[in-house]
Every structure is written in structure tokens, then in C-alpha cells.
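Report on the structure given below.
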Amino acid sequence: MPDAKVIPFDDDNRPRGGAKRPAPRRGRQAGRRGGDEAARDAAGGPGPVADAEPAELAAVADGAEDATDDGAGDAAGAPGPGGGANWERRLAGGLAFLRRRLTGDYDIDDFGYDRELTDQVLMSVLRPLYERYFRVEVKGIENVPAEGGALIVANHSGTLPLDALMMQVAVHDHHPARRHLRLLAADLVFMLPVVNELARKAGHTLACAEDAEVLLGRGELVGVMPEGFKGIGKPFGERYKLQRFGRGGFVSVALRAGTPIVPCSIVGAEEIYPMLGNAKTLARLLGIPYFPLTPTFPWLGPLGMVPLPTKWTIQFGEPIETKGYPAEAAEDPMLMFNLTDQVREQIQHSLYRLLVQRRSVFF
């Protein structure tokens, strides 16, 4: 594996040269319209099924409605109200989905985001882990705006970035508008084979100011974890102690876009891979930020990569508005420092409250 170039989000206010935004290789590229509205039109508009016969069109529409209304219940194995008829509609919808994938009759945006694949495949893969394994409890979802851009800022932990993926599922499945969270990820994510493609398809993009501003300007929800590798790779003895949030790059982006900042606190991820040590020499040889030593990894081989089934809580705090600030506020270092500290303190206090409230790490 080549050496990964890790650049903190807040230290980079320009496009990166190492990992560039790829041009979509297949499917139709969606126009640069506004955020969720453009994505909804692209995924659910008449384009993909314009040539279908009326009966097929009805079957596809019914299948899509079932997937939207009964998504979580279907993933958990709960029977739908229509019984066999629902399964027939789902089968028809699934076949139509496969036809569109094989013919390239689907839409992706200029970041490589594939909304249809995310909804019908990637979320379905993550949902059992979210609902049954980590049994995630979501609080304060009403604090996430129903429309328009917003920057969700969360703590980061767990050795592997499963907390970011679970936060994405939480927003999609629990928000009344079923919004999609576009995550900002480190360069390393886009240097790994397979992971790079999946991340792009799921709507993730580089953790740089340019991409974040474009997405917020389109009215998207954008997620960032300012601790970066300092948070996800911290030792178990420092769990739930927030690391440095950088110099306020995410605050500067929110100020320029005029979008609210929503603090998010995640409890439970710290214990999935208790990091007791770090083989730094091996990490340098592999070109990765750290090489974790846990009670099970690498001693048990691949089995040691199975996370512990901890009980999670994800809480979205009250938004911090940025619209009232003047245009030049994004260049004020003292203001950015104060807002960054405010967001960090709000997340830290929320973490302490959630830790006091929880009964057990696993229940």
C-alpha cells in the first residue's frame, strides 16, 4: 500500500492534488441543481422508466413506495400489510432496478454519488448492523433541518470509521424527510481499492473546503468529524475525550455558506475495538496513520476484526446558526476559534450526559 497523504480538513482551503474528484464512468450525470431536490428528481423522476410500459411503470412505482415506507421494517423481517402482493411488487421493483443497472439507465452526480444504489443496496447492507448489532438509539433528530444545507459535526472514534456510517444511516432512516448525509472523508479512504468506489457511490467526498462548500450550496446535509485520525486512533484510556478540532476550517465553510452547524454526539463506538496499543513502526511501513492493537486484533486474525456488540446512542444537538454573521466573518480567526470551541464544548458535554445516562456498554 502506498503512503497515505493525510491532510486535515481545516488545513486545506483549496482543491487537493493527491486525490481528485473522479468523473462518473457510467450512468447519467445529474445536473447541478439544488441538493436533495436534484437527487430526488434524478433518482425518482421519469428518466429511468420513461420507456417502460404502463404496467411495468406501476410495478416499479409500487416497489419504490414499499421500499420507502417499509424500509426499516423490511430489513428487520417484518411482514408488510399486503402480504404476497407486496413481495411481488418488491420483486418487480428489484428486477427494474437490475435492468437499470445493467443498461446504465441511472443518474449519478459529479461527485460520483449514486442515490439509487445507496438507497436500495448500501443502506440495506448497513441497516442490520445498525438495528440489530449496535441497536442504535437516535435522539434529537428534529434538530436536523428538514430542507436546505447544514453541517453536522460529530466526534470520531472506534479505530475503524463505523461511527460515520452509522450516523449516515441514522439520518436517512429516522429523519422525517429521509435525508441523505454526505460525509467528508480523509484522503486515505480514496486511495484504497474497492473502498474508494463504494465511498463515492455512497456520497462521500474529500474533506476539503471546496467540496464542502459546493455541497452546502446545493442544499445538502454534510457531515464532518474534525478530530480525524487523532480521534479514531486514540488509545482506549482516552475514550470520550475529544481531541483537537483543528483551526476551525469547518466553521469557516459554514459561515461562507450561511448554513447551521448541528453538533452530534456518538456514544458506543469507542468500545467496539478497544485500542490498547499502536504498532507505529508497522504503521509507517504500511503507510497508514496507526496500526491498532486490541484484545482481539491481530491475535485472532480476521476474527479479531469483528467489532464488539456495544449499544450505541447518537444525539443531534441544537443547531448553531451562522446566517447572522457578515460575509467577512469567515476570515475572522477569533470568531472561528470561538465558534469551534462552542461546537466542541457542546459535543463534549453531551457525551458526558449520555455516558451518565447509559446503563451498560452492551445493554
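The values are calculated or read from the model by the stated rules, or taken from the named source; none is laboratory data. Remember, it's a predicted structure, so these values are computed and weren't measured experimentally. FYI the Cβ positions are ideal-geometry reconstructions off the backbone, even for glycines, and counts take in every protein chain you see. Accessible surface is based on the protein model in full, side chains and every heavy atom, while ligands, DNA and RNA are left aside. Shrake-Rupley method; radii C 1.70, N 1.55, O 1.52, S 1.80 Å.
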Placed amide H near residue 182: partners under 5 Å, 5+ positions off or other chain: 221, 222, 223
Cβ-derived FRET efficiency at R0 30 Å, residue 321 paired with residue 359, nearest 0.05: 0.30
Order by protection proxy (mean Cβ within 10 Å, highest first), peptides 280-292, 144-156, 127-139, 214-226: 214-226, 144-156, 127-139, 280-292
For the stretch 235-279 and the stretch 324-363, distance of Cα centres in Å: 9
For the stretch 153-216 and the stretch 113-150, distance of Cα centres in Å: 11
Rounded accessible area per residue of the stretch 266-363, 1.4 Å, Å²: 57
Prolate/oblate/rounded label for the stretch 152-223 (Cα gyration tensor, a/c 1.5): oblate
Computed over the stretch 189-275, the ratio Rg/Rh where both radii use C-alpha atoms and Rh is Kirkwood: 0.99
Residue 353 accessible area, 1.4 Å probe, all protein chains in place, Å² to nearest 10: 130
Accessible heavy-atom area order of 352, 106, highest first, probe of 1.4 Å: 352, 106
Prolate/oblate/rounded label for the stretch 121-265 (Cα gyration tensor, a/c 1.5): rounded
Shape call, the stretch 283-341: gyration tensor on alpha carbons, a/c limit 1.5: oblate
HN-Hα J in Hz across the stretch 336-342 - Karplus 6.51, -1.76, 1.60, θ = phi - 60°, x for Gly and Pro: 4, 5, 5, 5, 4, 5, 5
Contact order relative to length of the stretch 246-363, as percent, for alpha carbon pairs under 8 angstrom and 6 or more apart: 40
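Figure the gain on full extension for residue 305 and residue 110 (residue separation times 0.36 nm, minus the Cα-Cα span) and round it to one decimal in nm.
Value of the extension gain: 66.8 nm.
Work out how much length residue 342 to residue 276 would gain on full extension: take 0.36 nm times their residue separation and subtract the Cα-Cα distance, in nm to one decimal.
Numbers: separation 66, 0.36 × 66 = 23.76 nm, distance 3.06 nm.
The residue 342-residue 276 span can extend by a further 20.7 nm.
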Listed residues 272, 355, 336: farthest to the positive end of the dipole of the stretch 241-357 (Cβ charges): 272
Approximate spin-label separation residue 192-residue 124, in nm, with each point projected 7 Å along Cα-to-Cβ: 2.4
Potential lengthening between residue 349 and residue 99 on full extension [0.36 nm per residue; Cα-Cα distance subtracted]: 85.1 nm
